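Peer 1: I am attaching a structure below and will ask some questions about it afterwards.
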Amino acid sequence: MNFIKVKILRIPSLLTFAVVSLLVGGDLKARSQEQVKKPLVFAHYMHCYVLGAYQPTDERVRNPKLGDNLKDWPPMGRESSWYSADLAQVASDGEVALAREFELMKEAGVDAIGLLLGPRMLPISQFARGLDMVADVATRSSTKIIPEFWANPWADDFETFGKTIKHFMDAHPGAFLVRDGKPMFIFAFDSGIAAKVHDPLSAPIKQISDFLEPWGGLDETYTMFYVPYQFEKAVRSPLILKSNAIDVWTPQDDWSALHSPVVFRVGSALNKEVAFPVSPAFYQRRAGQLPMEYGNSFGAARYIDGWLEAIKNRPAFVNIQTWNDFSEDTAIVPTNTAGRVWLYLTTYFSSWLRSGRQPAIQEERVVLLRPKQLANAKLKNPKAKAINAVWRHASPTVDYLDVVTFLREPASVRIILGTQTWERWVPAGVHEWIVHSSLIEGKGFAAQAKYPTASWLRRITVTDAFESAAPKVQLFRDNRLIGDLQSKTPFLDYGEWQDLTIIADEIALR
(Lines give C-alpha, C1' and ligand atoms only; values in the text may rest on other atoms or scores of the structure.)
Protein backbone atom coordinates (compact mmCIF):
# COMPACT_ATOMS: atom_id res chain seq x y z
CA MET A 1 0.00 0.00 0.00
CA ASN A 2 2.78 2.33 0.85
CA PHE A 3 4.48 1.43 -2.41
CA ILE A 4 1.34 2.25 -4.35
CA LYS A 5 0.91 5.49 -2.42
CA VAL A 6 4.44 6.53 -3.21
CA LYS A 7 3.94 5.72 -6.89
CA ILE A 8 0.73 7.74 -6.96
CA LEU A 9 2.49 10.68 -5.33
CA ARG A 10 5.53 10.47 -7.61
CA ILE A 11 3.62 10.37 -10.90
CA PRO A 12 2.04 13.81 -10.57
CA SER A 13 5.33 15.06 -9.18
CA LEU A 14 7.13 13.90 -12.32
CA LEU A 15 4.42 15.33 -14.54
CA THR A 16 4.56 18.58 -12.66
CA PHE A 17 8.35 18.59 -12.94
CA ALA A 18 8.10 17.94 -16.68
CA VAL A 19 5.55 20.68 -17.22
CA VAL A 20 7.41 23.14 -15.02
CA SER A 21 10.69 22.24 -16.72
CA LEU A 22 9.11 22.83 -20.09
CA LEU A 23 7.76 26.20 -19.02
CA VAL A 24 10.86 27.29 -17.16
CA GLY A 25 13.10 25.92 -19.91
CA GLY A 26 11.20 27.90 -22.48
CA ASP A 27 11.37 30.98 -20.29
CA LEU A 28 15.08 30.49 -19.73
CA LYS A 29 15.59 30.06 -23.46
CA ALA A 30 13.69 33.29 -24.09
CA ARG A 31 15.71 35.05 -21.43
CA SER A 32 18.92 33.64 -22.88
CA GLN A 33 17.99 34.94 -26.32
CA GLU A 34 17.12 38.29 -24.74
CA GLN A 35 20.50 38.47 -23.03
CA VAL A 36 22.29 37.71 -26.29
CA LYS A 37 20.69 40.85 -27.76
CA LYS A 38 23.63 43.14 -27.18
CA PRO A 39 23.28 46.93 -26.99
CA LEU A 40 23.55 48.79 -30.28
CA VAL A 41 25.58 51.99 -30.61
CA PHE A 42 24.44 54.63 -33.06
CA ALA A 43 25.63 58.16 -33.68
CA HIS A 44 23.68 61.23 -34.72
CA TYR A 45 25.06 62.14 -38.13
CA MET A 46 24.77 65.54 -39.77
CA HIS A 47 24.13 65.68 -43.52
CA CYS A 48 25.93 69.03 -43.83
CA TYR A 49 29.29 67.59 -42.74
CA VAL A 50 29.36 64.61 -45.08
CA LEU A 51 32.89 64.16 -46.36
CA GLY A 52 33.04 64.82 -50.07
CA ALA A 53 29.40 65.85 -50.42
CA TYR A 54 30.50 68.88 -52.41
CA GLN A 55 33.37 69.15 -54.83
CA PRO A 56 35.64 72.20 -54.29
CA THR A 57 34.76 73.37 -57.81
CA ASP A 58 31.04 73.13 -57.14
CA GLU A 59 29.43 76.52 -57.79
CA ARG A 60 27.32 76.09 -54.65
CA VAL A 61 30.50 75.97 -52.59
CA ARG A 62 32.18 78.91 -54.31
CA ASN A 63 29.02 81.00 -54.28
CA PRO A 64 27.01 80.21 -51.10
CA LYS A 65 24.21 82.60 -52.08
CA LEU A 66 22.99 80.01 -54.58
CA GLY A 67 21.90 77.66 -51.79
CA ASP A 68 19.03 78.49 -49.42
CA ASN A 69 20.73 77.16 -46.31
CA LEU A 70 24.30 77.09 -47.52
CA LYS A 71 25.23 80.15 -45.47
CA ASP A 72 25.20 77.83 -42.44
CA TRP A 73 27.42 75.28 -44.14
CA PRO A 74 31.21 75.84 -44.00
CA PRO A 75 33.09 76.30 -47.28
CA MET A 76 35.08 73.24 -48.35
CA GLY A 77 38.44 74.84 -47.56
CA ARG A 78 37.43 75.60 -44.02
CA GLU A 79 35.68 72.26 -43.59
CA SER A 80 38.82 70.39 -44.62
CA SER A 81 40.89 72.27 -42.05
CA TRP A 82 38.86 70.61 -39.29
CA TYR A 83 39.78 67.10 -40.41
CA SER A 84 43.05 65.41 -39.56
CA ALA A 85 45.64 65.50 -42.34
CA ASP A 86 44.84 62.03 -43.70
CA LEU A 87 41.11 62.75 -43.97
CA ALA A 88 41.64 66.26 -45.36
CA GLN A 89 43.45 64.69 -48.31
CA VAL A 90 40.31 62.80 -49.32
CA ALA A 91 37.67 65.27 -48.08
CA SER A 92 36.55 66.12 -51.61
CA ASP A 93 36.98 62.65 -53.11
CA GLY A 94 33.36 61.59 -52.77
CA GLU A 95 32.81 58.01 -51.69
CA VAL A 96 36.51 57.45 -50.96
CA ALA A 97 36.18 59.85 -48.04
CA LEU A 98 32.87 58.44 -46.84
CA ALA A 99 34.10 54.86 -47.06
CA ARG A 100 37.04 55.80 -44.84
CA GLU A 101 34.72 57.47 -42.36
CA PHE A 102 32.52 54.37 -42.20
CA GLU A 103 35.64 52.26 -41.59
CA LEU A 104 36.42 54.50 -38.62
CA MET A 105 32.89 54.07 -37.32
CA LYS A 106 33.22 50.30 -37.51
CA GLU A 107 36.56 50.55 -35.71
CA ALA A 108 34.91 52.61 -32.96
CA GLY A 109 32.08 50.12 -32.52
CA VAL A 110 29.35 52.27 -34.09
CA ASP A 111 26.61 50.00 -35.45
CA ALA A 112 24.56 52.67 -37.17
CA ILE A 113 24.20 56.38 -37.83
CA GLY A 114 21.08 58.36 -37.09
CA LEU A 115 21.11 60.20 -40.42
CA LEU A 116 19.40 63.58 -40.19
CA LEU A 117 16.65 63.88 -42.80
CA GLY A 118 14.27 66.76 -43.39
CA PRO A 119 11.24 67.15 -45.68
CA ARG A 120 13.04 69.34 -48.22
CA MET A 121 16.35 67.47 -48.46
CA LEU A 122 15.20 64.84 -50.96
CA PRO A 123 14.98 64.24 -53.83
CA ILE A 124 16.67 67.53 -54.80
CA SER A 125 18.56 69.92 -52.52
CA GLN A 126 22.12 70.92 -51.71
CA PHE A 127 22.22 67.89 -49.39
CA ALA A 128 20.82 65.25 -51.76
CA ARG A 129 24.18 64.24 -53.25
CA GLY A 130 25.70 63.70 -49.83
CA LEU A 131 22.71 61.67 -48.59
CA ASP A 132 22.84 59.36 -51.64
CA MET A 133 26.57 58.88 -51.11
CA VAL A 134 26.06 57.96 -47.45
CA ALA A 135 23.42 55.38 -48.39
CA ASP A 136 25.62 53.91 -51.14
CA VAL A 137 28.52 53.43 -48.72
CA ALA A 138 26.24 52.01 -46.00
CA THR A 139 25.12 49.23 -48.35
CA ARG A 140 28.72 47.95 -48.34
CA SER A 141 29.40 48.56 -44.64
CA SER A 142 28.41 46.79 -41.44
CA THR A 143 27.51 50.25 -40.08
CA LYS A 144 23.96 50.96 -41.24
CA ILE A 145 21.60 53.94 -41.38
CA ILE A 146 18.68 54.77 -39.09
CA PRO A 147 16.65 57.57 -40.70
CA GLU A 148 16.29 60.34 -38.12
CA PHE A 149 13.60 62.91 -38.88
CA TRP A 150 13.56 66.53 -37.74
CA ALA A 151 10.33 68.01 -39.03
CA ASN A 152 7.19 69.89 -38.03
CA PRO A 153 4.09 67.67 -38.23
CA TRP A 154 1.82 70.69 -38.80
CA ALA A 155 3.95 72.71 -41.23
CA ASP A 156 5.28 69.77 -43.28
CA ASP A 157 3.44 67.29 -45.49
CA PHE A 158 4.22 64.03 -43.67
CA GLU A 159 2.40 61.85 -46.18
CA THR A 160 4.57 63.09 -49.05
CA PHE A 161 7.62 63.07 -46.78
CA GLY A 162 7.09 59.37 -46.04
CA LYS A 163 6.75 58.47 -49.72
CA THR A 164 9.97 60.37 -50.50
CA ILE A 165 11.88 58.51 -47.77
CA LYS A 166 10.45 55.17 -48.95
CA HIS A 167 11.76 55.89 -52.45
CA PHE A 168 15.16 56.85 -51.00
CA MET A 169 15.37 53.63 -48.97
CA ASP A 170 14.20 51.42 -51.84
CA ALA A 171 16.94 52.93 -54.00
CA HIS A 172 19.58 51.76 -51.49
CA PRO A 173 18.63 48.24 -50.34
CA GLY A 174 20.77 46.93 -47.52
CA ALA A 175 21.77 50.40 -46.29
CA PHE A 176 19.29 50.69 -43.45
CA LEU A 177 19.10 49.13 -39.99
CA VAL A 178 16.39 46.57 -39.29
CA ARG A 179 15.26 46.01 -35.69
CA ASP A 180 13.13 43.01 -34.73
CA GLY A 181 12.58 42.35 -38.44
CA LYS A 182 11.20 45.85 -39.03
CA PRO A 183 12.63 49.02 -40.58
CA MET A 184 13.70 51.40 -37.82
CA PHE A 185 12.95 55.13 -37.67
CA ILE A 186 13.78 57.89 -35.19
CA PHE A 187 11.48 60.90 -34.79
CA ALA A 188 12.76 64.10 -33.26
CA PHE A 189 11.07 67.46 -33.00
CA ASP A 190 12.30 70.98 -32.46
CA SER A 191 12.09 72.01 -28.81
CA GLY A 192 9.75 74.85 -29.79
CA ILE A 193 6.96 72.41 -30.70
CA ALA A 194 7.80 69.62 -28.24
CA ALA A 195 4.97 70.55 -25.85
CA LYS A 196 2.38 70.31 -28.62
CA VAL A 197 3.90 67.12 -30.02
CA HIS A 198 3.60 65.26 -26.73
CA ASP A 199 0.34 66.73 -25.48
CA PRO A 200 -2.46 64.09 -25.43
CA LEU A 201 -4.86 66.53 -27.12
CA SER A 202 -2.57 67.57 -29.97
CA ALA A 203 -0.10 64.72 -30.52
CA PRO A 204 0.41 64.17 -34.28
CA ILE A 205 -0.54 60.49 -34.35
CA LYS A 206 -2.24 60.83 -37.72
CA GLN A 207 0.74 62.58 -39.31
CA ILE A 208 3.13 59.90 -38.05
CA SER A 209 0.75 57.17 -39.27
CA ASP A 210 0.52 58.85 -42.68
CA PHE A 211 4.31 58.99 -42.86
CA LEU A 212 4.70 55.29 -42.00
CA GLU A 213 1.93 54.06 -44.31
CA PRO A 214 4.36 53.01 -47.11
CA TRP A 215 5.86 50.46 -44.69
CA GLY A 216 2.53 49.27 -43.28
CA GLY A 217 2.08 51.76 -40.45
CA LEU A 218 3.13 51.85 -36.81
CA ASP A 219 2.63 48.12 -36.23
CA GLU A 220 5.00 47.15 -39.06
CA THR A 221 7.82 49.53 -38.16
CA TYR A 222 10.19 49.98 -35.22
CA THR A 223 9.89 53.56 -34.00
CA MET A 224 11.96 55.57 -31.55
CA PHE A 225 10.83 58.97 -30.27
CA TYR A 226 12.71 61.60 -28.32
CA VAL A 227 11.00 62.10 -24.96
CA PRO A 228 10.30 65.42 -23.25
CA TYR A 229 12.61 66.05 -20.29
CA GLN A 230 9.76 65.92 -17.76
CA PHE A 231 8.83 62.39 -16.68
CA GLU A 232 5.14 63.23 -16.16
CA LYS A 233 4.81 64.59 -19.69
CA ALA A 234 6.73 61.70 -21.21
CA VAL A 235 4.56 58.93 -19.72
CA ARG A 236 1.38 60.69 -20.91
CA SER A 237 2.55 61.32 -24.47
CA PRO A 238 0.55 59.33 -27.06
CA LEU A 239 3.64 59.17 -29.28
CA ILE A 240 5.78 57.72 -26.49
CA LEU A 241 3.06 55.22 -25.62
CA LYS A 242 3.02 53.96 -29.22
CA SER A 243 6.80 53.88 -29.60
CA ASN A 244 9.05 50.84 -29.47
CA ALA A 245 11.95 52.78 -27.97
CA ILE A 246 12.72 56.17 -26.48
CA ASP A 247 15.64 58.58 -26.61
CA VAL A 248 16.46 62.03 -25.22
CA TRP A 249 18.52 64.84 -26.76
CA THR A 250 21.08 66.13 -24.23
CA PRO A 251 24.43 66.97 -25.84
CA GLN A 252 24.65 70.19 -23.83
CA ASP A 253 23.96 68.79 -20.38
CA ASP A 254 26.51 68.75 -17.57
CA TRP A 255 26.47 66.95 -14.22
CA SER A 256 23.89 69.34 -12.79
CA ALA A 257 21.31 68.29 -15.39
CA LEU A 258 18.77 65.55 -14.79
CA HIS A 259 17.73 65.17 -18.42
CA SER A 260 19.66 62.08 -19.45
CA PRO A 261 18.42 59.60 -16.80
CA VAL A 262 14.78 60.37 -17.60
CA VAL A 263 14.87 57.72 -20.36
CA PHE A 264 15.54 54.96 -17.83
CA ARG A 265 12.59 56.07 -15.69
CA VAL A 266 10.25 56.33 -18.67
CA GLY A 267 11.50 53.09 -20.20
CA SER A 268 10.94 51.22 -16.95
CA ALA A 269 7.48 52.71 -16.42
CA LEU A 270 6.27 51.99 -19.95
CA ASN A 271 8.34 48.87 -20.76
CA LYS A 272 10.15 50.53 -23.67
CA GLU A 273 13.62 49.94 -25.02
CA VAL A 274 15.92 52.82 -24.15
CA ALA A 275 18.59 54.78 -26.00
CA PHE A 276 20.93 56.48 -23.54
CA PRO A 277 22.72 59.62 -24.80
CA VAL A 278 26.47 60.26 -24.51
CA SER A 279 28.31 63.23 -25.98
CA PRO A 280 32.06 63.76 -26.39
CA ALA A 281 31.98 67.48 -25.64
CA PHE A 282 29.91 70.55 -26.15
CA TYR A 283 31.29 73.85 -27.21
CA GLN A 284 28.83 75.29 -29.71
CA ARG A 285 30.61 77.66 -32.04
CA ARG A 286 28.40 77.45 -35.14
CA ALA A 287 30.58 77.47 -38.24
CA GLY A 288 31.53 80.94 -39.40
CA GLN A 289 29.74 82.62 -36.51
CA LEU A 290 30.76 83.95 -33.12
CA PRO A 291 30.49 81.51 -30.19
CA MET A 292 26.95 81.08 -28.95
CA GLU A 293 26.81 78.61 -26.11
CA TYR A 294 29.18 76.57 -24.02
CA GLY A 295 28.83 73.58 -21.75
CA ASN A 296 32.01 72.72 -19.83
CA SER A 297 32.68 69.02 -20.31
CA PHE A 298 36.10 68.96 -18.60
CA GLY A 299 37.76 67.11 -21.44
CA ALA A 300 36.66 63.48 -21.54
CA ALA A 301 35.09 63.48 -18.06
CA ARG A 302 31.48 63.88 -19.08
CA TYR A 303 31.87 61.43 -22.00
CA ILE A 304 33.38 58.83 -19.68
CA ASP A 305 30.64 59.34 -17.08
CA GLY A 306 27.98 58.91 -19.77
CA TRP A 307 29.49 55.64 -20.96
CA LEU A 308 29.80 54.34 -17.38
CA GLU A 309 26.12 55.13 -16.80
CA ALA A 310 25.25 53.19 -19.96
CA ILE A 311 27.49 50.28 -18.98
CA LYS A 312 25.84 50.11 -15.56
CA ASN A 313 22.26 50.20 -16.89
CA ARG A 314 22.75 48.24 -20.15
CA PRO A 315 20.22 50.08 -22.36
CA ALA A 316 19.16 48.66 -25.71
CA PHE A 317 20.95 51.54 -27.47
CA VAL A 318 23.60 54.15 -26.84
CA ASN A 319 23.19 57.33 -28.89
CA ILE A 320 26.42 59.23 -29.45
CA GLN A 321 25.51 62.89 -29.85
CA THR A 322 27.30 63.27 -32.26
CA TRP A 323 29.75 61.66 -34.69
CA ASN A 324 30.60 64.41 -37.15
CA ASP A 325 29.17 67.72 -35.94
CA PHE A 326 32.01 70.23 -35.95
CA SER A 327 29.91 73.26 -35.08
CA GLU A 328 29.30 71.76 -31.64
CA ASP A 329 32.83 70.43 -31.10
CA THR A 330 31.49 66.89 -30.87
CA ALA A 331 33.09 65.24 -33.91
CA ILE A 332 34.56 61.80 -33.21
CA VAL A 333 36.10 61.54 -36.66
CA PRO A 334 39.84 62.41 -36.40
CA THR A 335 40.38 66.16 -36.44
CA ASN A 336 43.25 68.63 -36.28
CA THR A 337 42.09 69.73 -32.83
CA ALA A 338 41.40 66.37 -31.16
CA GLY A 339 43.33 63.89 -33.30
CA ARG A 340 42.09 60.32 -32.74
CA VAL A 341 41.31 60.75 -29.05
CA TRP A 342 37.51 60.54 -29.26
CA LEU A 343 37.82 57.63 -31.65
CA TYR A 344 40.03 55.73 -29.20
CA LEU A 345 37.81 56.44 -26.19
CA THR A 346 34.68 55.42 -28.12
CA THR A 347 36.30 52.17 -29.23
CA TYR A 348 37.24 51.27 -25.66
CA PHE A 349 33.91 52.06 -24.00
CA SER A 350 31.70 50.63 -26.75
CA SER A 351 33.61 47.35 -26.37
CA TRP A 352 33.05 47.47 -22.60
CA LEU A 353 29.33 48.10 -23.13
CA ARG A 354 28.88 45.11 -25.42
CA SER A 355 30.83 42.56 -23.45
CA GLY A 356 29.80 43.76 -20.01
CA ARG A 357 33.43 43.40 -18.96
CA GLN A 358 36.12 46.04 -18.79
CA PRO A 359 38.42 45.42 -21.78
CA ALA A 360 41.94 44.29 -21.13
CA ILE A 361 44.52 46.92 -22.02
CA GLN A 362 46.04 45.74 -25.28
CA GLU A 363 48.21 48.79 -25.84
CA GLU A 364 49.24 51.17 -23.07
CA ARG A 365 48.26 54.73 -23.89
CA VAL A 366 47.97 58.22 -22.41
CA VAL A 367 45.48 60.89 -23.47
CA LEU A 368 45.60 64.61 -22.72
CA LEU A 369 42.62 66.96 -23.21
CA ARG A 370 42.13 70.67 -22.41
CA PRO A 371 40.54 73.85 -23.83
CA LYS A 372 42.24 75.88 -26.53
CA GLN A 373 42.31 79.06 -24.43
CA LEU A 374 42.71 80.06 -20.83
CA ALA A 375 39.43 81.22 -19.33
CA ASN A 376 40.81 84.73 -18.76
CA ALA A 377 42.46 85.05 -22.19
CA LYS A 378 42.74 88.55 -23.66
CA LEU A 379 40.35 88.86 -26.61
CA LYS A 380 40.37 91.28 -29.53
CA ASN A 381 36.59 91.10 -29.45
CA PRO A 382 35.83 90.83 -25.72
CA LYS A 383 32.07 90.83 -26.33
CA ALA A 384 32.28 87.59 -28.33
CA LYS A 385 32.21 85.29 -25.34
CA ALA A 386 30.44 81.99 -25.17
CA ILE A 387 27.33 82.09 -23.03
CA ASN A 388 27.13 79.43 -20.37
CA ALA A 389 23.36 78.96 -20.19
CA VAL A 390 22.75 78.98 -16.44
CA TRP A 391 19.35 77.33 -16.81
CA ARG A 392 21.00 74.34 -18.43
CA HIS A 393 24.60 74.35 -17.27
CA ALA A 394 25.89 74.82 -13.75
CA SER A 395 29.49 74.12 -14.66
CA PRO A 396 31.55 77.32 -14.69
CA THR A 397 34.12 78.17 -17.32
CA VAL A 398 37.45 77.24 -15.75
CA ASP A 399 40.84 76.03 -16.92
CA TYR A 400 41.58 72.33 -16.75
CA LEU A 401 43.96 69.57 -17.81
CA ASP A 402 42.47 66.09 -18.21
CA VAL A 403 44.76 63.05 -18.38
CA VAL A 404 43.33 59.61 -19.16
CA THR A 405 45.63 56.60 -18.90
CA PHE A 406 45.20 53.03 -20.13
CA LEU A 407 47.84 50.95 -18.32
CA ARG A 408 48.64 47.28 -17.88
CA GLU A 409 50.64 48.12 -14.74
CA PRO A 410 50.64 51.10 -12.35
CA ALA A 411 52.79 54.12 -13.19
CA SER A 412 53.70 57.57 -11.94
CA VAL A 413 52.16 60.42 -13.99
CA ARG A 414 53.62 63.91 -14.12
CA ILE A 415 51.81 66.90 -15.64
CA ILE A 416 53.98 69.87 -16.60
CA LEU A 417 52.67 73.31 -17.59
CA GLY A 418 55.47 75.87 -17.82
CA THR A 419 56.88 76.10 -14.29
CA GLN A 420 53.92 74.23 -12.79
CA THR A 421 54.17 70.52 -12.03
CA TRP A 422 51.74 67.98 -10.60
CA GLU A 423 52.54 64.31 -10.00
CA ARG A 424 50.66 61.28 -8.76
CA TRP A 425 50.69 57.49 -8.89
CA VAL A 426 47.92 55.96 -11.01
CA PRO A 427 46.70 52.34 -11.00
CA ALA A 428 46.50 49.82 -13.82
CA GLY A 429 43.46 49.84 -16.07
CA VAL A 430 41.66 52.98 -17.21
CA HIS A 431 42.15 56.03 -14.98
CA GLU A 432 41.38 59.75 -15.25
CA TRP A 433 43.11 62.62 -13.48
CA ILE A 434 41.70 66.14 -13.77
CA VAL A 435 43.57 69.23 -12.63
CA HIS A 436 41.33 72.30 -12.78
CA SER A 437 41.48 75.87 -11.56
CA SER A 438 39.26 77.16 -8.79
CA LEU A 439 36.08 79.04 -9.61
CA ILE A 440 36.66 82.36 -11.34
CA GLU A 441 35.40 85.17 -9.14
CA GLY A 442 32.65 87.46 -10.33
CA LYS A 443 31.03 85.00 -12.71
CA GLY A 444 28.01 84.33 -10.55
CA PHE A 445 28.22 80.55 -10.65
CA ALA A 446 29.54 79.93 -7.13
CA ALA A 447 26.23 78.80 -5.67
CA GLN A 448 25.56 76.24 -8.36
CA ALA A 449 29.01 75.29 -9.59
CA LYS A 450 29.17 71.69 -10.65
CA TYR A 451 32.40 69.82 -11.28
CA PRO A 452 33.26 66.22 -12.09
CA THR A 453 33.60 64.25 -8.88
CA ALA A 454 36.29 61.86 -7.72
CA SER A 455 35.49 58.16 -8.14
CA TRP A 456 37.16 54.76 -8.44
CA LEU A 457 38.16 55.81 -11.94
CA ARG A 458 38.95 59.52 -11.41
CA ARG A 459 41.05 61.76 -9.19
CA ILE A 460 40.65 65.54 -8.92
CA THR A 461 43.25 68.21 -8.16
CA VAL A 462 42.30 71.89 -7.75
CA THR A 463 44.84 74.66 -8.31
CA ASP A 464 44.74 78.47 -8.19
CA ALA A 465 45.74 79.33 -11.75
CA PHE A 466 47.26 77.97 -14.95
CA GLU A 467 50.14 79.37 -16.97
CA SER A 468 50.07 79.97 -20.70
CA ALA A 469 52.31 77.15 -21.93
CA ALA A 470 52.22 73.88 -23.86
CA PRO A 471 51.05 71.12 -21.47
CA LYS A 472 53.16 67.99 -21.21
CA VAL A 473 52.52 64.59 -19.64
CA GLN A 474 55.27 62.17 -18.64
CA LEU A 475 54.87 58.63 -17.31
CA PHE A 476 57.44 56.73 -15.26
CA ARG A 477 57.72 53.13 -14.16
CA ASP A 478 60.63 51.89 -12.04
CA ASN A 479 62.21 55.35 -12.47
CA ARG A 480 62.19 54.85 -16.24
CA LEU A 481 60.46 57.25 -18.63
CA ILE A 482 57.88 55.22 -20.57
CA GLY A 483 55.83 58.04 -22.10
CA ASP A 484 56.38 61.68 -23.04
CA LEU A 485 53.39 63.51 -24.53
CA GLN A 486 53.41 67.21 -25.38
CA SER A 487 50.28 69.02 -26.56
CA LYS A 488 50.29 70.26 -30.14
CA THR A 489 49.69 73.86 -29.11
CA PRO A 490 50.07 75.94 -25.93
CA PHE A 491 47.27 77.11 -23.68
CA LEU A 492 46.54 80.46 -25.35
CA ASP A 493 46.13 83.62 -23.27
CA TYR A 494 44.91 85.61 -26.29
CA GLY A 495 42.55 85.24 -29.23
CA GLU A 496 40.20 86.89 -31.70
CA TRP A 497 37.26 85.78 -29.55
CA GLN A 498 36.66 83.20 -26.88
CA ASP A 499 37.44 79.75 -28.27
CA LEU A 500 37.06 76.86 -25.85
CA THR A 501 37.36 74.09 -28.42
CA ILE A 502 38.87 70.96 -26.90
CA ILE A 503 42.47 70.26 -27.89
CA ALA A 504 43.40 66.58 -27.43
CA ASP A 505 46.54 64.52 -27.89
CA GLU A 506 47.44 60.89 -27.26
CA ILE A 507 50.35 58.48 -27.66
CA ALA A 508 51.03 54.79 -27.19
CA LEU A 509 53.60 54.12 -24.46
CA ARG A 510 56.96 52.52 -24.93
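The values are calculated or read from the model by the stated rules, or taken from the named source; none is laboratory data. Nothing here was measured: the structure is a model prediction, and the numbers come from that model. For neighbour counting, all protein chains shown are included, and Cβ atoms are generated from backbone atoms with ideal geometry for every residue, glycine included. For the accessible areas, the whole protein counts, side chains as well, though only heavy atoms, and no ligand, DNA or RNA atoms are used. Shrake-Rupley method; radii C 1.70, N 1.55, O 1.52, S 1.80 Å.
Peer 1: For region 315-372, count all C-alpha to C-alpha pairs, find those more than 17 Å apart, and express that count as a whole percent of the total.
Peer 2: The answer is 47 percent, as a whole percent.
Peer 1: Accessible surface of residue 172 in the full protein assembly, 1.4 angstrom probe, to the nearest 10 Å²?
Peer 2: 10 Å²
Peer 1: Hey, could you pull the Cα Rg and Dmax for region 152-208, both in Å?
Peer 2: 13.6, 38
Peer 1: Just the Cα atoms of region 106-240, one point each, no solvent: what log10 I(q)/I(0) does Debye give at q = 0.20 Å⁻¹?
Peer 2: Rounded to two decimals, the profile gives -1.24.
Peer 1: Quick check: from the Cα gyration tensor, does region 239-369 come out rounded (a/c under 1.5), prolate or oblate?
Peer 2: Oblate, because a/c is 1.5 or more while a/b does not exceed b/c.
Peer 1: May I ask you to list the GluC sites (Glu not before Pro) in region 204-290 that are in a DSSP loop and have at most 10 other Cβ atoms within 10 Å of their Cβ? Before the final figure, lay out the partial values.
Peer 2: Values: sites: 220, 232, 273; in loops: none.
The qualifying sites: there are none.
Peer 1: Amide H to amide H, which residues 5 or more places from residue 386 or on other chains are under 5 Å from it, using H placed in the peptide plane?
Peer 2: Amide H neighbours of residue 386: 498.
Peer 1: Going by average Cβ density within 10 Å per residue, which order do the peptides 115-122, 363-370, 485-492, 473-480 take, highest to lowest?
Peer 2: Those peptides, ordered most packed to least, come out 363-370, 115-122, 485-492, 473-480.
Peer 1: Could you quote the convex hull projected area for region 99-166, Cα atoms only and averaged over all directions, in nm²?
Peer 2: So the Cα hull casts an average projection of 4.8 nm².
Peer 1: Apply the a/c threshold of 1.5 to the C-alpha gyration tensor of region 300-440 and tell me whether it is rounded, prolate or oblate.
Peer 2: Here region 300-440 falls in the oblate category.
Peer 1: Compare the peptides 103-113, 202-212, 323-333 by average per-residue count of other Cβ atoms within 10 angstrom and give them in order, highest first.
Peer 2: The packing order, highest mean first, is 323-333, 103-113, 202-212.
Peer 1: Taking one equal scatterer on every alpha-carbon of region 199-279, how large is log10 of I(q)/I(0) by Debye at q = 0.23, 0.26 1/Å?
Peer 2: With one equal scatterer per Cα and no solvent, log10 I(q)/I(0) is -1.07, -1.23.
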